[in-house]
Structures are given as C-alpha cells and as structure tokens.
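Working notes, structure below.
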Amino acid sequence: MIARLRQHIRRGAGQWLRNLSGTASVEFAIALPVMAALLLGGFAVTSMVLTYRKLCDTTTQLADMVSQLGASGDPDILEKDLQNSMSAVTSVMYPASTTGLTITVGLVDFNAANTPIQGSAPTAPTTMWIYQLNGSTLTKVVSPAPTASETNALSVASLPPTSGCTGTTVPCYSYFWVQTAYTFQPAFGGQYIGLSIPMTSQVFIQPRNVNVIYCTTDGTTPC
Amino acid sequence: MTDSERRTGGGAPGHKRDRGLAAARRRFRSFLAETGSTTVEFATIAPLFFIWVFVILQMCLLLFMSQVLQTATVKAGRQYMTGNATTVATPAAFEPLVCANLPSFFNCTNLVVNLQTASSASALAANDETPLTYQDPCTTTAGVTTCTPEVCSGATCSPGTVTASAPEQFAILQVFYPAPLIGNGFGFGNILVGTTVFQVEPYPTTSS
C-alpha cells in the first residue's frame, strides 16, 4: 500500500516537473520581487540624492548669507540675525520635510600666528561660539564642532592679519563654520523597515565685510 | 473498436449522435494542446511588465526634472543676487532667467515663479513661515486656455509685479513646475519645486 503510494507520488512529481505550462507566469513571479526592489530602491536612492543636493544647497546658501553679516566698523552680529538667516534658509529643503534638519553655525578665530583660538578667555567675545537651530529653537552648543584637523588646515591659508594684530589670544581673522545635518527616511524603507540615513554637509567661509566677527545677544553683551 | 472508430467516437459513421461526440472530443483535445502557450502567457504578462518598466522610466524622468529645476532656480537666483538682473520688473522678464537654464522639454509657460523679498533676515524669516502655495498659471475661458507665468513679491502673491533687485536685499526664490506625467490623469500629479534663499550683493547702484 505504502509502496504504491510512493510510486504514485513519484510519478506525480515527475509529471509536475516536466509540465511546462505557465512557465512565463512562474518566471514573472520570480522576477517580480527583483523588479519591485529595483523600482523602490531606484526611487529611494534618487530621492536621497535629491535630498542631499538640497541639503548642500541649504548649507552653501546659508554660508553665503552669514558671510555678509557684520559691517565694516561694526563687526558685531546679533544672535537674532543669525537665527533669522538660519530659519529662512530651511525653505530650500522643500518639498523634503524639515523635521530632522539641524543647522549649526560656528565661528573659528585665528591669531597672528594663524593658530585657531578655541575655548579660551571666557569673558571675551573672541571665543569660538557655536549655535544650533533645531526646529525653531536656537541653542548655544559645544558640539558638534569642526575638528582640529579641519581648523588647522584652514590656518594654512594664511590670510593677511588685521593691522596691529599680535599675540596668541587676539583674533586676527575668522571663519564661519556652517554645518547641516539631516536624517533621510526613504518613503518605503522608512515606513516599513525603519530605515534612516544620516547625511551632513559643511562649509567654511570667511566673513566678507570684516576680518573678525563678534557675536552679541543685544548689541553689547557677548554671546 | 478500431482506431478510426475511436477517433470519430465509435459507432457507425454518419450517425448524428456520434458525430457530435467526435466534435466534442476534438474541442477537448484543443484545450490540451500546448502549441503557442508561451505566446499566450507572454500576452497575459506583457501589459503588467510594460506598465512596470514605464513607471520606472517616469520616476527617473520626474527626479531628473527635479534636479534640473533646482539648478535652474539657483542659477536664476544668482543673476538676481549679483545684480545682473536689476532691470527685471515684470513676470515676462523674469521667466526667461529660469527658462534659459532649463532643457527644451520643459514648457516654460507653465512655470510659476514666486519671489519674496525683504529688507532684513527677520522679515524674510517671517515671510518664509507663510504656506508655500502653487497657483495654476493656466486659466480656461470659453474653451481657450491661457497660461501666464506668475511672479509674487512679498508674502502676498500679486501677479504682474516683482520688486527689482536692490543691494543687500534678502530674497527667497521659488519656481514651481507641474510635471507632465502620464499618471497626472489618474490623480498622480506632481508639482516640482526649486528653491533658493540669498542676500543680494552690495553692488554699487549709482554710476559715476
């Protein structure tokens, strides 16, 4: 009885394997997941490239704007002006959501020896400051910050120092540091797999109107 | 029963009932025939396959157009920013700035240019908080469709006016374009947006 059943199954399996009807449909069914992955993956990668391009545009356009802050004879910039420039430039990200977008602007000062001045002289407004905009909230932060190798690489540029600028703690010239960070979530992968891809962009740019920028909260009080 | 009899359904040839039975058997055999099955299966799958490939190509085109529009917007904004476009004061004059940097398959009459200008970053930030809107530049009256590129100045969109470029002015330039996709007719319309934010250069305004 069992032997006959086995023979029956073997014969049936053989017939099933030899049967060529529906081949195209089966092949299409096998290829479908690959094609679906191709479509969704292609869409996700291209969207990511587009978003990254918008992020880079946001960074360079903000850098262009903050570099015009400060005027000859009035090197002070207001904390509020900084915030306004940062929030105005967020519209570049559209139609990508600005949720998850963080904008950071800092200032790196250099002394007469082209050495970056960082984190010294607490009472002086010459200390490098960093502000971060997250949503609509502006906060003064310590990190993120440009790395020592990045700031040291800038000092090689050796720009003409301010007239009469001497010493190691007096700023002679400065660079704005603009960084944007964004968490990209693909339409499909972000919703069903929880996939998120962090991306950052940064630019260093020199103030165009003055050599050194001083940040103040109200025109006189250092940031 | 001979083979011939089996094929014809048996019985004496010419019998009405037997001829009907033979015809039914022939029809049944034609269902079992596998000749041309691949063609039939391909015909079944082909529409779905070609739709799929078409969707992929449409996605590529859409995203390519997004990139191109963003580039054209930044370039047009740069002309305004550097004072190269100080005479721009009408929509008709502004639209070519964007259009000049777009490939020929863009229909420039469908562009919507939105320029918001402000004297300070704070005013610009305030304007920026107003909802970004797209206004269809085409109107149909008495069966005739007319497309007019719109330019808005400030938070209120007032077609036909634009503030000429002025030194140290802050600006947000947005360019909208309705992508002409096949899926538009099925409710999958897509408005592409290019945006640039800048402060106009402090170029000299008086000639000596």
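Please enumerate the residues belonging to the range A:77-117 that are more than 11 Å from chain B (Cβ to nearest Cβ) and surrounded by 18 or more Cβ atoms within 10 Å (Cβ to Cβ).
A:101, A:103, A:104, A:105, A:106, A:107, A:108, A:109, A:110, A:111, A:116, A:117, listed by residue number.
Restricting to the range A:26-78, count the residues that are touching a helix residue (DSSP H, G or I) at 6+ places or on another chain (Cβ under 6 Å) and among the charged types (D, E, K, R).
Total meeting the criteria: 2.
Does the range B:36-44 include one or more residues that are farther than 23 Å from residue A:22 by Cα, modelled with pLDDT under 85, among the hydroxyl-bearing types (Ser, Thr, Tyr) and loosely packed, with under 13 Cβ neighbours inside 10 Å?
No - not one qualifying residue is present in the range B:36-44.
Assuming residue A:77 fulfils every condition listed in (1) more than 26 Å from residue A:135 (Cβ to Cβ); (2) more than 22 Å from the chain's Cα centre (by Cα) apart from one, which condition is it?
(1)
Could you tell me whether any residue of the range A:21-35 is on the phi < 0 side of the Ramachandran plot, outside any helix (DSSP H, G or I) and over 31 Å from the mean Cα position of the chain (by Cα)?
There is at least one residue in the range A:21-35 that is on the phi < 0 side of the Ramachandran plot, outside any helix (DSSP H, G or I) and over 31 Å from the mean Cα position of the chain (by Cα).
Among the residues that make up the range A:40-55, is at least one of them surrounded by fewer than 11 Cβ atoms within 10 Å (Cβ to Cβ) and not β-branched (Val, Ile, Thr)?
No, there is no match, as no residue in the range A:40-55 is surrounded by fewer than 11 Cβ atoms within 10 Å (Cβ to Cβ) and not β-branched (Val, Ile, Thr).
The values are calculated or read from the model by the stated rules, or taken from the named source; none is laboratory data. Keep in mind it's a predicted model, so treat the numbers as computed, not measured. Positions of Cβ are backbone-derived with ideal geometry, glycine not excepted, and every protein chain shown enters the neighbour counts.
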